[in-house]
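K.L.:
The structure's right below; bear with me while I get my questions together.
The values are calculated or read from the model by the stated rules, or taken from the named source; none is laboratory data. Since the structure is predicted, the reported quantities are computational estimates derived from the model, not experimental observations. Glycine gets a Cβ as well: all are built from the backbone with ideal geometry, and neighbour counts include every protein chain shown.
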Amino acid sequence: MQDKYNLTREQNVFIAKRNIVDYIWKSANLEGIAVTYPETQTIYDGGVINGLTVDSIIAINNLKYAWQFILENPDIEYDYNTLCHIHKLVADKLVLEQNLGKIRTTPVNIGGTKWQPQFPIESQIKEELDSLLNQKEKSKTEIAIEIMLSLMRRQIFIDGNKRVAMLFANKIMIDNGCGIITISQDSQSVFYEKLIKYYESGEMIDLKQWIYDNCIDGINLNEN
């Protein structure tokens, strides 16, 4: 599984900034936040939208701040502390303050399946991250997808796990000039179908390949 794009970080950041409202809109919809693209643009620009819940507006702004964090901090490590900081940004004012950036201590239910994730253990998360990051034989794109899916299945936090996992994976993608992972509106039903199968089986090969084939955005700026 080779990298689809070979960009500089600056080029990748340029692409991300140019399309950031689209990425935020898709990410919000992926977690059931009912907001349109024009509404997302207005919120991103600091405007006021009537008819949306306060939580929906907060969630969009939180995604904006989280994206700014990963774009503006190239030297931040891909580690547990960064993961927890992204959760603080994504879930601010949406979960109780004592849960921000902290692994959950209560069970969670996953829609569409009876499967329940185990309680997360900090030492295991750190060990798994380290192991996935240090796969020398794999491309950065494949590593980023594997980390994203692993984090989604672990359900580390009380809320916002898919958003956090995708942002963390996209930090790896952008820092290494590999493009951006984003799931289009038309693909979300297929994604959820495959995600539930992955949750239940623990086998990510099919979903990983599907994401690689359908969900990586970028431009070949370096082609002559």
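K.L.:
With respect to the numbered conditions (1) more than 22 Å from residue 215 (Cβ to Cβ); (2) surrounded by fewer than 13 Cβ atoms within 10 Å (Cβ to Cβ); (3) among the polar types (S, T, N, Q), which one is the sole condition not fulfilled by residue 2?
P.N.:
(1)
K.L.:
When you check residue 192 against the structure, is it surrounded by 14 or more Cβ atoms within 10 Å (Cβ to Cβ), of a type outside the set (S, T, N, Q) and more than 18 Å from residue 27 (Cβ to Cβ), yes or no?
P.N.:
Criteria not met by residue 192.
K.L.:
Scanning for something under 21 Å from residue 3 (Cα atoms) and either among the acidic types (Asp, Glu) or in contact with a helix residue (DSSP H, G or I) (Cβ under 7 Å, 6 or more places away or on another chain) (or both), does region 188-203 turn up at least one residue?
P.N.:
For region 188-203, residues under 21 Å from residue 3 (Cα atoms) and either among the acidic types (Asp, Glu) or in contact with a helix residue (DSSP H, G or I) (Cβ under 7 Å, 6 or more places away or on another chain) (or both): absent.
Condition check ((1) at pLDDT below 95; (2) closer than 17 Å to residue 132 by Cβ; (3) among the polar types (S, T, N, Q)) across all residues:
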{"position": "166", "(1), (2), (3)": "no, yes, no"}
{"position": "175", "(1), (2), (3)": "no, yes, no"}
{"position": "190", "(1), (2), (3)": "no, no, no"}
{"position": "204", "(1), (2), (3)": "no, yes, no"}
{"position": "214", "(1), (2), (3)": "no, no, yes"}
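K.L.:
Can you tell me which residue within region 137-160, out of those that are of a type in the set (Asp, Glu) and either in contact with a Pro (Cβ under 7 Å, 6 or more places away or on another chain) or assigned to a loop (DSSP other than H, G, I, E, B) (or both), is nearest to residue 122 (Cα to Cα)?
P.N.:
In this case the residue turns out to be 159.
Yes or no, residue by residue, for (1) small (Gly, Ala, Ser); (2) surrounded by 20 or more Cβ atoms within 10 Å (Cβ to Cβ); (3) under 15 Å from the mean Cα position of the chain (by Cα):
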position	(1), (2), (3)
102	no, no, no
111	yes, no, no
117	no, no, no
122	no, no, no
131	yes, no, no
157	no, yes, yes
169	yes, yes, yes
184	yes, no, yes
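K.L.:
Can you pull out the residues in region 161-190 that are more than 23 Å from residue 83 (Cα to Cα), assigned to a helix (DSSP H, G or I) and in contact (Cβ under 8 Å) with a residue 12 or more places away in the chain?
P.N.:
Of everything in region 161-190, those that are more than 23 Å from residue 83 (Cα to Cα), assigned to a helix (DSSP H, G or I) and in contact (Cβ under 8 Å) with a residue 12 or more places away in the chain turn out to be 185, 187, 188, 190.
K.L.:
Right, something else. Is it the case that region 90-111 has a residue that's assigned to a helix (DSSP H, G or I), under 26 Å from residue 173 (Cβ atoms) and not small (Gly, Ala, Ser)?
P.N.:
Scanning region 90-111, I find at least one residue that is assigned to a helix (DSSP H, G or I), under 26 Å from residue 173 (Cβ atoms) and not small (Gly, Ala, Ser), so the answer is yes.
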